[in-house]
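Trainee: So that we are looking at the same thing, I have put the structure below in structure tokens.
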């Protein structure tokens, strides 16, 4: 019988505790290191943390980012079967106006106003406009602010921590060795009786395991061929 392609956090922790013969008092540290390792892998290496969700915009043209969001990617609407992304504009003014303790939009301060002047097509025109909308991420309040939008339901793509507090978290089996290498480094990194070069070696092992996962995720020859064919054009060379 083939080995399952997924493994749980509990199974990784149990296996590490057994193989390393650590006392049970260390189990909490191992668990937290395991969770931290998986979060890091989802942020920079794995695709398992990628999420695409439909969210409803409030009356102030804002959407709160999901609580499990550790890195925002993009936002847009469905158009012809694909995601049409809004344009990021850091010049958007977020609301700072409160009425009876509730946030509201004050046009006198540029809050909630459509942005960018009317677009005129001529020889001197630079760039273009996005007919569907603009956004700015309000990192302080973990939300997205929109302008020039004509719909309230939007699609948000983000990187999740990948760890559930209420359900079993499953991890790709290919990430097991990388997570274990991070656990080992995390356990010895703060110990004064461990030599600095041993800590450095443990960190390099963690980096090497990440590199192996990245190599595993490289496109296949068929995917490269598809990408080449998609961009291939019979138009006149310029």
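Trainee: Roughly what would the spin-label model give for residue 50 and residue 141, points 7 Å off Cα along C-beta, in nm?
Mentor: 3.1
Trainee: Tell me, how many Å apart are the Cα centres for region 16-70 and for region 200-216?
Mentor: One Cα centre to the other: 19 Å.
Trainee: Taking the C-alpha atoms of region 50-160, how large are the radius of gyration and the largest Cα-Cα span, Dmax, in Å?
Mentor: 14.9, 50
Trainee: Using Cα-Cα distances under 8 Å and only pairs 6 or more residues apart, what relative contact order does region 50-160 have, in percent? Write down the numbers at each step before the final one.
Mentor: On the way: 178 pairs, mean separation 52.3, N = 111.
47 percent.
Trainee: Moving on to the next point. Going 7 Å from the Cα of residue 131 toward and past its Cβ, which residues in region 148-173 have a backbone nitrogen under 16 Å from where you end up?
Mentor: It comes to 148-151, nothing else.
Trainee: Calculate, in nm to one decimal, what residue 20 and residue 6 gain on full extension: separation in residues at 0.36 nm each, minus their alpha carbon distance. Please report the intermediate quantities before stating the final value.
Mentor: Numbers: separation 14, 0.36 × 14 = 5.04 nm, distance 2.19 nm.
Separation in residues times 0.36 nm, less the Cα-Cα distance, equals 2.9 nm.
Trainee: Once you put a point 7 Å from the Cα of residue 167 and another 7 Å from the Cα of residue 99, both along the Cβ direction, what distance in nm separates them?
Mentor: So the label points at residue 167 and residue 99 sit 4.0 nm apart.
Readers should treat all values here as calculations from the given coordinates under stated rules, not as data from a laboratory. Everything numeric here is computed off the predicted structure, so don't read it as measured data. As a convention, Cβ positions derive from the backbone with ideal geometry for all residues, glycine included, and neighbour counts pool all protein chains shown.
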